[in-house]
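Step one of this worksheet: look at the structure below.
Any read-out appearing in this document is the output of simple, stated calculations on the displayed coordinates, not a laboratory observation. Note that the structure is a prediction, hence the values are computed from the model and not measured. Cβ atoms come from the backbone with ideal geometry, glycine included; neighbour counts cover every protein chain shown.
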Amino acid sequence: MQSDNPIVSDFVKLMNSAAGTFAGMTREAREAARERMKGAMGGFDFISREEFDAVKAMAAKAREENEKLAERLAALEEALKAKK
């Protein structure tokens with residue numbers, strides 16, 4: 001239902017403009033906050049998942065080698081004790 005009253009028509013146009021302006025301000029505020037967060041997080045040194053997985057695999061391999069070497073050292077120490 002449209003009104004022929006110019007005051008009501010002008011008021012509706014004003015409210016539509018205000019709603020559009022408010023929506024634009026909301027988008028701009030959201031983008032500004034996102035940019036500030038990116039700037040704040042930029043100082044942190046984050047690693048990728050692939051880098052994390054690679055280092056995790058290297059640590060597991062080093063742990064296994066360390067256990068093997070510990071067993072070998074214990075066997076050599078036992079052999080040395082047996083010779084004395």
Cleavage-rule hits, chymotrypsin sites (Phe, Trp or Tyr not before Pro), the range 23-74, DSSP coil, Cβ neighbours within 10 Å at most 10 | PHE44, PHE46
Relative to the Cα centre, what is the charge dipole magnitude of the chain, using +1 at the beta carbon of each Lys and Arg, -1 at the beta carbon of each Asp and Glu, and rounding to the nearest 20 debye?
-> 460
Give me the orientation-averaged projected area of the Cα convex hull of the chain, in nm², one decimal.
-> 11.5
In nm², the average projected area of the convex hull spanned by the Cα atoms of the range 1-45 is 3.8
